[in-house]
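Worksheet: one structure, shown below.
Only the coordinates and a few stated rules stand behind these numbers; no lab work does. In this text the structure is predicted, and so the values were computed from the model without any measurement. All Cβ positions, even for glycine, are placed from backbone atoms using ideal geometry, and neighbour counts span all protein chains on display.
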Protein chains: 2
Amino acid sequence: MELIDGKKVANQIKQEITAEVEQIKKEGGKIPHLAAIIVGHDGASETYVGHKEKACNQVGFNSTVLRFEDDIAEDTLLRKVDELNKDTEIDGFIVQLPLPDHISEQKIIEAIDPKKDVDGFHPINLGRMVIGLPAYISATPAGIIELIKRYNIETSGRDVVVIGRSNIVGKPISILLGQKSDTGNATVTLTHSRTKNLKEVASKADIIIAALGQAEFLTADMVKEGATVIDVGITRVKSDKTKSGWKLLGDVKFDEVAEKAAYITPVPGGVGPMTIVSLLQNTLKASKGEIYPRL
Amino acid sequence: MELIDGKKVANQIKQEITAEVEQIKKEGGKIPHLAAIIVGHDGASETYVGHKEKACNQVGFNSTVLRFEDDIAEDTLLRKVDELNKDTEIDGFIVQLPLPDHISEQKIIEAIDPKKDVDGFHPINLGRMVIGLPAYISATPAGIIELIKRYNIETSGRDVVVIGRSNIVGKPISILLGQKSDTGNATVTLTHSRTKNLKEVASKADIIIAALGQAEFLTADMVKEGATVIDVGITRVKSDKTKSGWKLLGDVKFDEVAEKAAYITPVPGGVGPMTIVSLLQNTLKASKGEIYPRL
């Protein structure tokens with residue numbers, strides 16, 4: 001069994017980005033600049049945005065955080081989005097979700113200029129991805145693809161089972177792995193709560209992506225000997241064995257599945273650390289005009 | 001075996017649309033108006049646009065065809081698209097493909113206002129469909145879903161195998177059948193040229209969508225007893241048994257597969273007749289502002 005070390009890969013990619021930013025600075029080019037909008041004072045959102053800011057600093061990006069109180073009007077927020085759309089200094093930006101109930105998340109997402117949509121949540125980026133055009137891919141599926149690439153995991157012609165059909169993980173990763181591409185060409189089955197024979201289906205897969213958000217759902221009897229198992233789940237459960245009183249569990253019953261798997265991602269330290277790196281990669285692409293020509 | 005009679009269903013839907021348009025007229029409402037842009041004199045394109053015009057007349061829609069020579073500049077065509085975007089009389093329009101080589105089809109498609117994109121080719125409509133938002137669905141997948149609905153074919157929890165990953169059929173139908181919806185909730189496997197064990201995979205499916213464009217590819221040994229088989233293929237082959245010297249073949253070896261299938265679509269007369277009806281349905285939705293609010 002080989003552990004897929006997301007933390008290590010994420011650090012490696014950060015170093016690569018750092019080197020590229022230094023080179024850009026040396027040549028007097030535009031320093032990539034990520035902005036984040038945060039509304040209200042949700043603890044988790046503050047933490048995420050803090051991590052993103054820190055990651056920007058680590059690799060030499062400029063970063064800006066725009067904070068608004070949770071009584072901001074939808075119109076005002078839309079105006080702020082539009083200002084960022086037009087600000088030529090900002091290469092890409094995100095609006096940290098969730099937003100307060102009186103604001104339509106979808107309306108805000110669709111107001112973001114797709115060229116700056118480094119979260120890849122705008123339907124135009126999703127649609128372009130589906131038809132194989134250059135597009136920003138959202139953080140988790142992009143991170144999974146990067147891990148597959150860096151560990152040279154063969155996907156072509158192999159049977160992939162994706163468990164969970166969420167809009168931000170299950171659906172996009174099932175599309176990406178089936179695409180005509182070096183990290184695609186797999187035969188992908190997308191399973192979900194209505195799938196009747198999941199154990200039978202999963203136990204034939206060469207690669208399993210577990211992304212249903214149910215702690216330790218995937219057990220050894222659902223996994224073929226020698227399969228690759230990617231665990232996207234993160235559930236916080238009480239524990240009397242940790243100092244904090246909490247521990248994080250993935251969607252995979254790690255100890256028993258690890259005995260059968262050829263490759264497996266741990267939780268934490270697998271897919272998780274890759275997500276912020278994906279955001280940095282998208283921001284770098286934005287600043288270089290790799291997906292869309294620069295405005 | 002029950003034949004899925006696409007021609008009959010298509011006629012039935014046309015009658016339903018006709019009745020609705022008459023009601024709209026009676027109430028003094030806006031008559032749905034479809035426009036089509038055709039560039040050059042490609043025979044097949046002329047035929048398709050002719051069929052679409054005729055179908056509009058049949059159901060009482062207004063229709064407009066804009067014809068341009070094949071030396072039209074891309075800029076000029078973009079301007080024409082923009083004129084249709086702004087024309088409040090036109091509810092929806094299509095640009096008949098293919099376009100001459102000097103014009104970027106993708107650029108033209110992305111210039112169409114998504115609210116009038118009744119072909120459902122704009123990435124924003126594809127992306128919205130993926131995340132389950134109201135969107136124009138392109139003609140063939142929409143036609144397949146309509147047949148499934150009208151024949152009460154159960155999809156929830158059933159195993160579907162889609163053969164062929166084209167942008168206009170295989171990918172969207174695989175997404176739709178896996179969605180949380182009355183005609184979805186299936187466990188969908190998307191197969192293609194790189195799939196290694198297609199016969200094994202297909203022969204377990206409750207529903208097979210054959211959309212690879214290879215005449216009589218799907219043979220009886222690839223189909224489970226009692227399966228539903230939807231044939232999207234249309235290949236014209238020479239024949240000494242028809243007056244014209246040609247006949248149309250689907251992707252399914254009909255005679256032998258029909259003996260095992262519970263439901264099967266013929267070619268011609270299966271999915272084919274549904275595609276124009278899907279376009280009419282999308283145009284009606286556009287005129288009623290069902291997908292997007294009216295401009």
Fill in: Value of [θ]222 nm, deg cm²/dmol, for chain A, DSSP H segments ≥ 4, -39500 (n - 2.57) each, nearest 500
-12000 deg cm²/dmol
Worksheet item: What gaps in nm, shortest first, separate B:Gly43 from its twins in the other copies when you place the label 7 Å past Cα toward the beta carbon?
Response: 7.2
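Which loop GluC sites (Glu not before Pro) in segment B:1-107, with loop taken from DSSP, have no more than 16 other Cβ atoms within 10 angstrom of their Cβ? Could you put the intermediate results ahead of the total?
Values: sites: B:Glu2, B:Glu16, B:Glu20, B:Glu22, B:Glu27, B:Glu46, B:Glu53, B:Glu69, B:Glu74, B:Glu83, B:Glu89, B:Glu105; in loops: B:Glu27, B:Glu69, B:Glu89.
For GluC sites (Glu not before Pro) across segment B:1-107 that sit outside H, G, I, E and B with at most 16 neighbouring Cβ atoms in 10 Å, the list reads B:Glu27, B:Glu69, B:Glu89.
Loop only per DSSP, at most 13 neighbouring Cβ atoms within 10 Å: give me the trypsin sites (Lys or Arg not before Pro) in segment B:140-182, ordered by residue number.
Details: sites: B:Lys149, B:Arg150, B:Arg158, B:Arg165, B:Lys180; in loops: B:Arg158, B:Arg165, B:Lys180.
Answer by residue number: B:Lys180.
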Item to complete: For A:Lys86 paired with A:Glu69, estimate the spin-label separation in nm (one decimal), with each label point 7 Å from Cα along the Cα-to-Cβ line.
Response: 2.6 nm
Worksheet entry | Volume per residue of the C-alpha convex hull in the protein assembly as shown, rounded to whole Å³ | 172 Å³
Fill in: Reciprocal of mean inverse Cα separation for segment A:154-224 (Kirkwood radius, Å)
12.1 Å
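For segment B:139-273, compute Rg over Rh where Rg is the Cα radius of gyration and Rh is the Kirkwood radius from the inverse mean 1/r over Cα pairs. Could the numbers behind the result be given before it?
On the way: Rg = 14.2 Å, Rh = 14.8 Å.
We get a ratio of 0.96 for segment B:139-273.
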Practice prompt. Please turn the phi angles of segment B:123-137 into ³J(HN,Hα) values with the Karplus equation 6.51 cos²θ - 1.76 cosθ + 1.60 (θ = phi - 60°), one per residue in order, whole Hz, x for glycine and proline.
Written response: x, 5, 6, 5, x, 5, 4, 4, 8, x, 8, x, 7, 6, 9
Worksheet entry | Per-q log10 I(q)/I(0), chain A, q = 0.10, 0.11, 0.14 Å⁻¹ (Debye; single scatterer per alpha-carbon; no solvent) | -0.57, -0.69, -1.09
Practice prompt. Report, in degrees rounded to the nearest 10, the 0 to 90 angle that the Cα long axis of helix B:139-150 makes with the longest principal axis of chain B.
Written response: 60 degrees
Worksheet item: For the residue pair B:Thr219 and B:Lys204, what label-to-label distance in nm results when each label sits 7 Å from Cα along the Cα-to-beta-carbon direction?
Response: 2.2 nm
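About the Cα centre of the protein assembly as shown, how large is the charge dipole given +1 on each Lys and Arg Cβ and -1 on each Asp and Glu Cβ? Please answer in debye to the nearest 20.
On the way: 74 positive and 82 negative charges, 135 e Å.
Roughly 640 debye, rounded to the nearest 20.
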Worksheet item: Rounded to the nearest 20 Debye, what is the dipole magnitude of segment B:139-273 about its Cα centre when Lys and Arg each give +1 and Asp and Glu each give -1 at the C-beta?
Response: 420 debye
Worksheet item: Can you pull the Rg over Rh of segment A:32-133, Cα-only, Kirkwood?
Response: 0.96
Worksheet entry | Qualifying lysines (Cα of each under 25 Å from Cα of B:Lys238; at least 8 residues distant if same chain) | B:Lys7, B:Lys247, B:Lys253
Discussion item. Let me confirm one metric for peptide B:104-115, namely the mean number of other chain beta-carbon atoms within 10 Å of its residues' beta-carbons.
Written reply: 1
Worksheet item: Between the DSSP loop rule and a limit of at most 10 other Cβ atoms within 10 Å, which GluC sites (Glu not before Pro) in segment B:204-295 are left?
Response: B:Glu225
Worksheet item: What is segment A:117-167 by shape, rounded, prolate or oblate, if you read a ≥ b ≥ c off the alpha carbon gyration tensor as root eigenvalues and call it rounded for a/c under 1.5, prolate for a/b larger than b/c, and oblate otherwise?
Response: prolate
Worksheet item: Which angle between 0 and 90 degrees, to the nearest 10, do you get for helix B:6-26 versus the longest principal axis of chain B when only C-alpha atoms count?
Response: 30 degrees
Worksheet, complete the sentence: Charge dipole of chain B built from unit charges on the beta carbon (Lys, Arg +1; Asp, Glu -1), centred at mean Cα; most positive-end Cα among B:Ser287, B:Thr76, B:Gln23 is B:Gln23
